[in-house]
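We did not get these values from a lab; they are worked out from the coordinates using the rules stated. All values derive from a computational prediction rather than experimental measurement. Positions of Cβ are backbone-derived with ideal geometry, glycine not excepted, and every protein chain shown enters the neighbour counts.
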Amino acid sequence: MAEPEGKEIQMDAGNLYREESYTDLKAGSLRKLVPVKEDGSDDPSREPIFSAATQVMTPGGVLPLSGEVDGAKSLADAVAGFSATIQRAIADLREEMAAMQRERASQIVVPGRDAPPPPDLLIR
């Protein structure tokens, strides 16, 4: 990572989190970011952040999916919201792939653009 010119990279002591990880060894994992104060003690004035992660098999190989579990205030909420979060990540991926396909289909096709040069123009 490049350093911004003339500036030192600093951590924000008022925005620190401790990471906890949970898994069922089947469907995926949940990550809980627990807000902490600068001394490492829990910060009850801020809500924890939960994210869900899994992998799906595609014809191109394994594809990781993840997303923030909206509205989760506890581990139980995050477990309950896991499926909806992953379904939303799949829907977002489908939209992104459809946009890429539309973009690719709308490109102007120029004959010979990707073809090698004619034999008489090759350097010998």
Add +1 for every Lys or Arg and -1 for every Asp or Glu among the other residues with Cβ under 11 Å from the Cβ of V36, and state the total.
-> -2
Prolate/oblate/rounded call for the stretch 16-96, Cα gyration tensor, a/c under 1.5 rounded = prolate
Surrounding net charge for R18, when Lys and Arg each add one and Asp and Glu each subtract one, Cβ distance under 9 Å = -2
Where the only charges are on Cβ atoms (+1 Lys, Arg; -1 Asp, Glu), what is the dipole of the stretch 16-96 about its Cα centre, to the nearest 20 debye?
-> 260
Residues K32, K73, K37, K7, sorted so that the one with the fewest Cβ neighbours within 10 Å comes first = K7, K73, K37, K32
Under-5 Å amide H pairs with V56, H placed in peptide plane, nonlocal only = L63, L65
Could you please state, rounded to a whole Å, how far the C-alpha centre of the stretch 82-109 is from the C-alpha centre of the stretch 1-64?
-> 25
Using a simple spin-label model with points 7 Å from Cα along the Cα→Cβ vector, what separation in nm is obtained for S51 and E20?
-> 1.8
Between rounded, prolate and oblate, where does the stretch 1-59 land on the alpha carbon gyration tensor, with a ≥ b ≥ c its root eigenvalues, rounded for a/c under 1.5, else prolate if a/b exceeds b/c?
-> oblate
List the residues whose amide H sits under 5 Å from the amide H of V36, counting only those 5 or more places along or on another chain, with H placed 1.01 Å from N in the peptide plane.
-> L16, Y17, R18, D43
Order by protection proxy (mean Cβ within 10 Å, highest first), peptides 84-90, 43-49 = 84-90, 43-49
With x for Gly and Pro, the residue-by-residue ³J(HN,Hα) of the stretch 53-64, computed from phi through the Karplus equation 6.51 cos²θ - 1.76 cosθ + 1.60 at θ = phi - 60° and given in whole Hz, is 8, 8, 10, 10, 8, 10, x, x, x, 6, 10, x
